[in-house]
Amino acid sequence: MLSQKLQAEVLKIAHEHYQLTPQDVELEATRDLVHGDYTTNAALRVASKWGVPPRQAAGVLLEQLRLSKLVNTLCGKVEVAGPGFINFWLKPELLVTRLGELTNTKDRAVLRGQRVLVDYSSPNIAKPMHIGHIRSTIIGQALVNLYQALGAKVTGINHLGDWGTQFGKLIAAYKLWGNRAAVHKHPIQEMLRLYVKFHEVLKTKPELAKEGQLEFRKLEQGDRQSRSLWNWFKRESLREFGALYKRLGVKFTYITGESFYEPMLRGAVADLVKRKLAVKNADGSIVVHLEAEGLPPCLIQKSDGGSLYVTRDLATMRYRLQRFKPHKILYVVANQQALHFEQLFAVVRRAGYSSRAELDHIKFGLVLGEDGLKLATREGRIIKLEDVLAEAVIRARKIVDSKNSKLSSRDKARVAEAVGVGAVKYNDLSQNRQSDIAFNWDKMLSLEGNSAPYLQYTYVRLKSILRKAGEPTQARSSKSAAGELLYSITERDLTLLRMLSRYPDAIGRAAKENGPHLLAGYLYELANSTNSYYQDSPVLTAGVILRPFRLHVVSTAAAVLKEGLGILGIATVEKM
Ligand code: ARG
């Protein structure tokens, strides 16, 4: 990747002169093109490390950079700005030749050889997915795609919640009031009904509690009938989740539930006890004290010997570290579980289970309705994703119909599905995941704002220009033609070229910060630039030199939009 080469050069020089290390030197795409294409903070680091005035350090580095062969091949201009930033402008000829490489996956495979695990979606079986699982599913898949786009080897894990006393209750309830056909017809709805009924009847018949415990005990002991019922509940749940995953374009590499780690729980606790990292309380419960980390003690075994959520995660982590030897594990789970993951990671670090793996809790906030309150139906029930998608597709269909296109009604339905589902996903992915996000139908489906339909429609318009042009003429590649081209291109051409050239960096930054919104924000800006580009600079009617070049620019912009949206998990369509 170009920015990497440039960064390596800056580092080399900064190391020679000021002993800076890779951690010190950042090179990033600038926020605004007026400050050049890339910027580095190296001089500011020199200042904080050695007390040299930053502008002075910047001056020294600048002088060396201007002598560098690499910098001279890549950059037309290097300057010091502000308190001591060094800004770089790429050469126009480089921007032109770079066009063809922007969607080249080999060029940006900076994470090749890295193994990344993403634990996402992870719903509890026999229950509907709530909004937390849905956000996790959408954000998690985007992260899987992002890391893959950078060449990492990614394992997408669906860590199903398939273990716990609630399954004893469910089995008891099923034996009392359930039937096979009903579960098969609407699995989750029916299992939820049985579970809710169990708790209702429990109020007047407390002896039912025993029934549930007994069933769970049987399940734990491997009773054949219990196991087979539980397996069936799991299959039915997965069948229903699977339909949703398919519609959302979600693909896991690895689907295992918490139950898989059940046999490893004792070992996980025993290891910590043996190494005196965990202690037994007077009541027999076992905890790891985390005062040193500023955290409350982490309970890993109850006084009755039972395990906890964190015990299962601990065993799971040990297994994953051994089996996959990952460089990174991402847990895409709502903000509410922050303490759980802080404790889990602290215990793992204490125990020294992961020397190289970076552990990250990828947190996210709630989804708020238009009134700023937690998203729910008027009656206060949780909103189901199926209903949200159905509504989105109906609204998208109205947009498609308003375009009066000549599409067949079957194609219109296909487009409406892509636009509706895309709108819901983009709404989630384009906002900073850490904050609560707003759910606003009009904004989500607007053809003008920062929305999936806007980006999808931009793509459609670019494709229509390319269709009108017929076969895209290859840019003439002789030296003199290239010279002529550079002489003919305008400031506007250059601006879009520079915008396009930032694409690999946008992917890189989004992965580095685990923030899909950074890629979404880039695509939105790119769409804006592209739209004003072809409105202000003639493409089809341009002269013999500029026309093929501009068509190439337009087709690259289309390819980048398509690929970028694809990374976010959003489909594009050729016509609307
Ligand atoms: N099933 C859990 C829940 O619904 C989420 C699991 C997240 N992953 C994990 N390894 N803890 O809350």
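Numbers below:
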{"read-out": "Positive-end extreme of charge dipole, segment 250-348 - chosen from 298, 324, 334 (charges on Cβ)", "value": "324"}
{"read-out": "Binned Cα-Cα distances of segment 92-175, short to long, each 5 Å bin given as a whole percent", "value": "3, 13, 15, 13, 12, 11, 9, 8, 5, 4, 3, 2, 1, 1, 0"}
{"read-out": "Net charge dipole size for segment 139-276 [Lys, Arg +1 and Asp, Glu -1 on Cβ; Debye, nearest 20]", "value": "120"}
{"read-out": "Calculated from backbone phi, Karplus (6.51, -1.76, 1.60) coupling profile of segment 207-214 in Hz, x at Gly/Pro", "value": "5, 5, 4, 4, 3, x, 4, 4"}
{"read-out": "Cα lying deepest toward the dipole's positive end in the chain, options 137, 62, 537, charges on Cβ", "value": "137"}
{"read-out": "For 410, 55, order by how many other beta-carbon atoms lie within 10 Å, fewest first", "value": "410, 55"}
{"read-out": "Magnitude of the charge dipole, segment 314-452, Cβ model with Lys/Arg +1 and Asp/Glu -1, debye to 20", "value": "740"}
{"read-out": "Descending semi-axes in whole angstrom, ellipsoid equivalent of segment 128-240, from the Cα gyration tensor", "value": "33, 15, 13"}
{"read-out": "Added length on full extension, which subtracts the Cα-Cα distance from 0.36 nm per residue, residue 373 to residue 465", "value": "28.8 nm"}
{"read-out": "Inter-centroid distance (Cα atoms) of segment 1-74 relative to segment 478-545, Å", "value": "25"}
{"read-out": "Protection-proxy order for peptides 310-317, 414-421, 235-242, each taking the mean of Cβ atoms within 10 Å per residue, highest first", "value": "310-317, 414-421, 235-242"}
{"read-out": "Per-selection Rg to Rh, segment 281-351 - Cα, Kirkwood hydrodynamic radius", "value": "0.98"}
{"read-out": "Cα→Cβ-extended label distance, 7 Å offset, between residue 35 and residue 292, nm", "value": "4.1"}
{"read-out": "Cα convex hull of segment 391-506 - mean projected area over all directions, nm²", "value": "10.4"}
{"read-out": "Computed Rg/Rh of segment 206-301, alpha carbon atoms with Kirkwood Rh", "value": "1.10"}
{"read-out": "J(HN,Hα) series, segment 75-80, from Karplus relation 6.51 cos²θ - 1.76 cosθ + 1.60, nearest Hz, glycine and proline x", "value": "10, x, 8, 9, 9, 9"}
{"read-out": "Rh (Kirkwood; distinct C-alpha pairs) - segment 451-555, Å", "value": "14.9"}
{"read-out": "√(5λ) per eigenvalue of the Cα gyration tensor, segment 263-315, largest first, Å", "value": "16, 13, 11"}
{"read-out": "Loop-resident sites, segment 308-347, for chymotrypsin sites (Phe, Trp or Tyr not before Pro), counting at most 12 other Cβ within 10 Å (DSSP)", "value": "none"}
{"read-out": "Label-point gap, in nm, between residue 180 and residue 443 - each point 7 angstrom along Cα→Cβ", "value": "5.0"}
{"read-out": "Burial order of peptide ranges 350-358, 395-403 (average beta-carbon count within 10 Å, highest first)", "value": "395-403, 350-358"}
{"read-out": "Cα point-scatterer Debye curve for segment 1-117, base-10 log of I(q)/I(0) at q = 0.19, 0.23 Å⁻¹", "value": "-1.01, -1.32"}
{"read-out": "Mean projected area (nm²) of the alpha-carbon convex hull when segment 277-435 is viewed from all directions", "value": "14.9"}
{"read-out": "Length gained when the stretch residue 391-residue 308 is fully extended (0.36 nm per residue, less Cα-Cα span)", "value": "26.0 nm"}
{"read-out": "Whole-number D in µm² s⁻¹ for segment 194-250, Kirkwood Cα-pair radius fed into Stokes-Einstein, 10 °C, 1.306 mPa s", "value": "118"}
{"read-out": "Rounded tilt (10° steps) of 224-248 against the dominant C-alpha axis of the chain", "value": "20"}
{"read-out": "Mean-position separation - Cα centroids, segment 321-352 and segment 192-261, in angstrom", "value": "26"}
{"read-out": "In order through segment 330-335: 3J(HN,Hα) via Karplus (6.51 cos²θ - 1.76 cosθ + 1.60), integer Hz, x for Gly, Pro", "value": "9, 10, 8, 9, 3, 2"}
{"read-out": "Interatomic Cα distance distribution for segment 412-471, bins of 5 angstrom, percent", "value": "4, 19, 23, 21, 14, 9, 6, 3, 1, 0"}
{"read-out": "Angstrom value of the Kirkwood radius, inverse mean 1/r, which spans all Cα pairs in the chain", "value": "27.1"}
{"read-out": "Overall form of segment 381-453 per C-alpha gyration tensor (a/c, 1.5; a/b vs b/c)", "value": "prolate"}
{"read-out": "Furthest towards positive pole of dipole, 289, 576, 256, structure part the chain, Cβ charges", "value": "256"}
{"read-out": "Simple Cβ-charge dipole of the chain, Lys/Arg +1 and Asp/Glu -1, about Cα centre, in debye nearest 20", "value": "1560"}
{"read-out": "Pairwise label distance in nanometres, residue 64 with residue 193, each label 7 Å out on the Cα-Cβ vector", "value": "7.4"}
{"read-out": "Residues with amide H under 5 Å from that of residue 160, placed H, sequence gap 5 or more", "value": "256, 257, 258"}
{"read-out": "Tensor-based shape of segment 190-349 (alpha-carbon gyration tensor, a/c under 1.5 rounded, otherwise prolate or oblate)", "value": "oblate"}
{"read-out": "Relative packing of 510-521, 201-212, which averages over residues the other C-beta atoms within 10 Å, highest first", "value": "510-521, 201-212"}
{"read-out": "Ranking of 232, 50, 89 by count of other Cβ atoms within 10 Å, fewest first", "value": "50, 232, 89"}
{"read-out": "Calculated FRET efficiency for the pair residue 105/residue 50, C-beta based, R₀ 35 Å, to 0.05", "value": "0.30"}
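Here, each number is a calculation from the coordinates, and none is a lab measurement. Given the structure is predicted, the values throughout are model-derived calculations rather than measurements. Note that each Cβ is placed from the backbone with ideal geometry, even for glycine, and that neighbours are counted across all protein chains shown.
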